[in-house]
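*Asks:* Structure below; questions to follow.
The values are calculated or read from the model by the stated rules, or taken from the named source; none is laboratory data. Please read these numbers as outputs of a predicted model, since none were measured by experiment. Glycine gets a Cβ as well: all are built from the backbone with ideal geometry, and neighbour counts include every protein chain shown. Side chains are part of the model used for accessible areas, which takes the heavy atoms of the whole protein and leaves out ligands, DNA and RNA. Shrake-Rupley method; radii C 1.70, N 1.55, O 1.52, S 1.80 Å.
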Amino acid sequence: LELERRMGQDLDLKLIELDRNRNRIILSERAAIWTGGGVDARLAQLEEGQDVSGRVRSICHFGAFVDLAGIDGLIHISELSWQRVAHPSEVVAVGQDVDVLVMHVDRGQRRVALSLKRLRPDPWATVEARYVPGQLVSGVVTNVVDFGAFVRIEEGLEGLIHISELADGNFLHPRNVVEEGDTVTLRVLNIDPHNRRLGLSLRQAYVAEPKPNGIAP
């Protein structure tokens, strides 16, 4: 392995992150050797809003570093996907080729901020064009908590089934009704794109919708 081969060698490194609470230090050899006009010339070619291609070089808990022809750019974990990401490895892998959007270029500090998710539209921006209250949808349970369950109905679009909308009758905990990974059919109760909230119901999914005259079929 490369690290084993370099055991005992002196390295010039640049401090990338220092987290005293976690006793964590992240260093970069590549960042330490970013000198010379070649790098500056490549940085000068990068502009905010530009689409570029690169290869994922390394992954850490706060994001992924992408090699842009000799320049490292960072995709922060919050810019990997429109949906919640617990760890960057859920979205990208080392060695993977990716297309990214340049968000910010700091030529003085030689830092490039990238986004993967912004190459795709924000699903919340058009949610009301695709879903309406009363509609039946299918989704996957992503998290079960004391007050209900979160369900992903498409990438980047999660809604909440409040505990009162899980099932009729008494049950001790939402896990008595659903678990993470379950695929469920739900009825949309309300949509709030501004606050990125979607109300869903499991218990009303199979309740027949009333006809226009108010008489159930």
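*Asks:* Measure off 7 Å from each Cα along the Cα-to-Cβ vector at ARG84 and ASP168, then give the distance between these two points in nanometres to one decimal.
*Replies:* Placing both labels 7 Å along Cα→Cβ, they lie 3.1 nm apart.
*Asks:* Right, something else. Modelling each spin label as a point 7 Å along the Cα-to-Cβ direction, I'd like the ARG42/ARG203 distance in nm, to one decimal.
*Replies:* Calculated label separation equals 5.9 nm.
*Asks:* Now for a different question. When only Cα pairs under 8 Å and 6 or more residues apart are kept, what is the percent relative contact order across the stretch 109-205? Working shown, then result.
*Replies:* Working: 178 pairs, mean separation 29.2, N = 97.
The value is 30 percent.
*Asks:* I'd like the projected area of the stretch 59-182, averaged over all directions, using the convex hull of its alpha carbons. Report it in nm² with one decimal.
*Replies:* Working: hull surface 39.9 nm².
Projected area, direction-averaged: 10.0 nm².
*Asks:* On to the next question. Kindly state, to the nearest 0.05, the FRET efficiency for ASP192 paired with PHE62, given R0 = 35 Å and r defined as their beta-carbon distance.
*Replies:* Values: r = 29 Å, r/R0 = 0.84.
So the FRET efficiency works out to roughly 0.75.
*Asks:* Now a separate question. Quick check for you: with a 1.4 Å probe and neighbouring chains kept, what is the accessible area per residue of the stretch 97-211, in Å²? The partial results should precede the final answer.
*Replies:* Numbers: 6390 Å² over 115 residues.
For the stretch 97-211, the solvent-accessible area averages 56 Å² per residue.
*Asks:* Separate question: Measuring from label point to label point, each 7 Å out along Cα→Cβ, what is the GLU180 to GLN135 span in nm?
*Replies:* Each label point lies 7 Å from its Cα, and together they span 2.8 nm.
*Asks:* Still on this structure, I have one more. How high is the FRET efficiency between ALA125 and GLN96 when r is their beta carbon distance and R₀ equals 35 Å, given to the nearest 0.05? Mind showing how you got there, number by number?
*Replies:* Details: r = 27 Å, r/R0 = 0.77.
Rounded to the nearest 0.05, the efficiency is 0.85.
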